Every structure is written in C-alpha cells, then in structure tokens.
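Read through the structure below, which is laid out as structure tokens, and then see the notes.
The values are calculated or read from the model by the stated rules, or taken from the named source; none is laboratory data. Keep in mind it's a predicted model, so treat the numbers as computed, not measured. For neighbour counting, all protein chains shown are included, and Cβ atoms are generated from backbone atoms with ideal geometry for every residue, glycine included. The area values use the complete protein model at the heavy-atom level, side chains included, leaving out ligands, DNA and RNA. Shrake-Rupley method; radii C 1.70, N 1.55, O 1.52, S 1.80 Å.
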Amino acid sequence: MDRSSEKRTGFLGTYYDRDVALRMARLAGGLAWVLLAFYAYTTFVSIGQFWFMIASGVASYEGVNIFDRLSIPTMQISQLAPGLVYFSMLKVAQQVLLILLDVEDNSRRAARK
C-alpha cells in the first residue's frame, strides 16, 4: 500500500490510536463515578437499615460489650472502602492515559522541530 492512499491524521502515535485512548480515559472516569455512587448508595442504605432496626427495637445493644458496639457501625462504613479504592484507581488510570497522550504528542512535536 503506498503512502498517498493511506488515511492520514495529524497524530503520529505508533503504538495506539489516540481516539481509542481518549475514549478509554473517558470511560475510566465515568466508571469511577458510577462505582463510587453505587458503593455510597449501598453504604447509606445499610446505615439507614441499621438505624431503622435500632429504632424499631429489632436490634439492640443490650448485652453487647463495648468492642462489639464500636465494630457494628464501622462494618457499614467500611463497605465504602472498596468503592473509594476503585474510584481512586480508575481516576489514576484516566490521568495516566491522558499524561501518556501528552508525552507522546510533545515528543513528536519536539522531534519535528
């Protein structure tokens, strides 16, 4: 195939397609927010159910030692921890993809000068 018939773009990346990398970065950012919202929702529902059970008398702290009393609320709050980890890792992946695109673009621009 000769060069004149090839589809030419302004981006000269050799190992990846710029549009695909941008779509992946956008997808990672969106997925990060969706997962964080999901984990926050499940955490708040769990806390609400727990306090509703306490208020209605279904669950009680009677006969429970201090360590168990402290661990019950932290179990519900700890449900949010994986969501925070997934959120931060996906946001890091998004930023790394964008940084790599910038590095490639800057190195190509510098090589042309």
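For every other residue with a beta carbon closer than 12 angstrom to the beta carbon of residue 111, add +1 if it is Lys or Arg and -1 if Asp or Glu, then tell me the sum. Spell out each step's value before the answer.
Numbers: positive: 108, 109, 112, 113; negative: 104, 105.
For residues surrounding residue 111, the net value is +2.
Ignoring ligands, DNA and RNA, what percent of the accessible area of the chain is carbon or sulfur (1.4 Å)?
Looking at the chain in its full context, I get 66 percent from C and S.
Angle between the Cα long axis of helix 66-77 and the longest principal axis of the chain, 0 to 90 degrees, nearest 10?
Approximately 30 degrees, to the nearest 10.
Could you pull the accessible area for residue 80 with a 1.4 Å probe, rounded to 10 Å²?
Its accessible surface works out to 40 Å², give or take rounding.
Would you mind calculating the gained length between residue 42 and residue 69 on full extension (0.36 nm times residue separation, minus the Cα-Cα distance), in nm to one decimal? Present the calculation step by step, with values, prior to reporting the outcome.
Details: separation 27, 0.36 × 27 = 9.72 nm, distance 2.12 nm.
Between residue 42 and residue 69, full extension yields 7.6 nm more.
Using Cα atoms only, what is the angle between the long axis of helix 80-112 and the major principal axis of the chain, expressed in degrees (0 to 90) to the nearest 10?
The angle comes out near 10 degrees.
With +1 on the Cβ of every Lys and Arg and -1 on the Cβ of every Asp and Glu, and nothing else charged, how large is the dipole of the chain about its Cα centre, in debye rounded to the nearest 20?
680
Could you calculate the FRET efficiency of residue 78 with residue 34 from 1/(1 + (r/R0)^6), where r is the beta carbon distance between them and R0 is 25 Å, rounded to 0.05?
Computed FRET efficiency for residue 78 and residue 34 comes out at 0.75.
Taking Rg and Dmax of the Cα atoms in Å as the quantity of interest, determine which of [x] 15.3, 49; [y] 19.6, 71; [z] 24.8, 83 was computed from the displayed structure.
The listed entry that was calculated here is [z].
If you roll a 1.4 Å probe over the heavy atoms of the protein chains, what accessible area per residue do you get for the chain, in Å²?
Counting only protein heavy atoms, the per-residue value for the chain is 77 Å².
Return the distance in nm (one decimal) between the two label points of a simple spin-label model at residue 100 and residue 18, each offset 7 Å from Cα along Cα→Cβ.
About 1.7 nm, to one decimal.
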